[in-house]
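To start, the structure under review is shown below, and the notes come after it.
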Amino acid sequence: MTIPWAQNDALFKKLVSDGHAWQALPFIFLKLSGFDVEMPNLTIRPHISEAKRWLHTYDLKIGEHLIEVKSRPFRFTGPQDWPSPRLPAFLDTTKKWEAKPAKPFAYIFVSKPTGGMVSTCSVAGASGRWERLWRFDHVRKINEEFYAVGRQHLVTMDVLVDALRKDATNGL
């Protein structure tokens, strides 16, 4: 018997724990790039009914910039070898993104097989490049609407570092 996603606390805890572990790679990269990076300790909601209390959480924080980290099960080392021009980078569910009181500055995608990282900005008009796509989530076994960007909007980590430094010097 399949447990519905909203009731599957074990799967939720596994996915959150796994995702938190992958946050360490961009955390170290950004720290070594000279940023004062915060990575909160892992906290997990005890039950789906308390999910709204976790809307303020973030993966990484540099100053006022929130950064979300998404680990992916496929191979890439940079935007040039993202698996397919037709495979978008899924940022978040539309419902979750729209409910967040503070929006992320950027998303970082980490390849589990290679450790490669790419990024995309999510502020200052970037959402105009986003698509809204309905997809079947094979892990959670539900249909969900997502925000996604095409491979042409993915950048190398040095571009993200430059954007963060530029914002820091402009007082943004």
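The values are calculated or read from the model by the stated rules, or taken from the named source; none is laboratory data. All of these numbers come straight from a predicted model, not from anything done at the bench. Here the Cβ positions follow ideal geometry from the backbone for every residue, glycine too, while neighbour counts run over all protein chains shown.
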Q. Touching a helix residue (DSSP H, G or I) at 6+ places or on another chain (Cβ under 9 Å), surrounded by fewer than 16 Cβ atoms within 10 Å (Cβ to Cβ), charged (D, E, K, R) and not in a strand (DSSP E or B), is that true of Lys95?
A. no
Q: Output the residues belonging to region 141-165 that are basic (Lys, Arg) and either at pLDDT 90 or above or within 20 Å of Ala99 (Cα to Cα) (or both).
A: Arg151, Arg165
Q: Tell me which residues, restricted to region 55-74, are closer than 25 Å to Lys166 by Cβ and without any contact (Cβ under 8 Å) to a residue 60 or more places away in the chain.
A: Tyr58, Asp59, Leu60, Lys61, Glu64, Leu66, Ile67, Glu68, Val69, Lys70
Q: Just need a number here: residues in region 7-53 that are modelled with pLDDT of 95 or more, assigned to a loop (DSSP other than H, G, I, E, B) and among the charged types (D, E, K, R).
A: 1
Q. Within region 75-111, which residues are free of Cβ contacts under 8 Å to residues at least 12 places away in the same chain and in contact with a Phe, Trp or Tyr (Cβ under 8 Å, 6 or more places away or on another chain)?
A. Pro83
Q. Restricting attention to region 59-91, and to residues there that are buried (at least 17 other Cβ atoms within 10 Å of the Cβ) and out of contact with any strand residue (DSSP E or B) (no Cβ under 6 Å at 6 or more places or on another chain), which single residue is farthest from Ile28 (Cα to Cα)?
A. Trp82
